[in-house]
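A quick write-up on the structure given underneath.
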Amino acid sequence: MEDELIGSGRYARIRTRGHRSNEPRSVTVGFVDESTPDGSILVAAAGPETAWARNLLARPACHVTLADRSFDAAAEPLEPADHARAIRSLILRYGTPAEGLGRGPSFRLVPAGAPA
């Protein structure tokens, strides 16, 4: 089922490393394509204790798969104005948000090698 969601291009799979264990972890999340030349996407966690977000805060390197695209990326925590824009865009894209969306951290996932 998750592979179908990712293949549809509506969801992304993020592979991280556990913030304590350093073991590989995967999560399927909604995202917003920034439509920028570097191909960055925006993602947001429902709450501050969300495991995948804590993993990205501890180790920003990750791997992203969406539809037929796959890339290594660096997670950059969003500043308040960009965080608000990401939450608004996620709500518009997916409808009613999960409880707590916006209370947790949000990130820009920048493909490796993209200009700074």
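Details
- Here the peptides 42-50, 62-70, 101-109 are ranked by packing, the mean other Cβ count within 10 Å, and the order with the highest first is 101-109, 42-50, 62-70.
- Full-extension gain in nm, GLU79 to SER26, via 0.36 nm per residue minus C-alpha separation: 16.6 nm
- Dipole magnitude (debye, nearest 20) for the chain, charges at Cβ of Lys, Arg, Asp, Glu: 260 debye
- Whether the range 19-90 is rounded, prolate or oblate, judged on the alpha carbon gyration tensor where a/c under 1.5 counts as rounded: oblate
- For the chain: relative contact order, % (alpha-carbon pairs under 8 angstrom, 6 or more apart): 31 percent
- Sum of -39500 (n - 2.57) over DSSP H runs of 4+, divided by residues of the chain (222 nm, nearest 500): -7000 deg cm²/dmol
All of the numbers you see were taken from the coordinates with simple rules; none came from a lab. Keep in mind the model is a prediction, meaning the values are calculated, not measured. Virtual Cβ from ideal backbone geometry, glycine too; neighbours counted across all protein chains shown.
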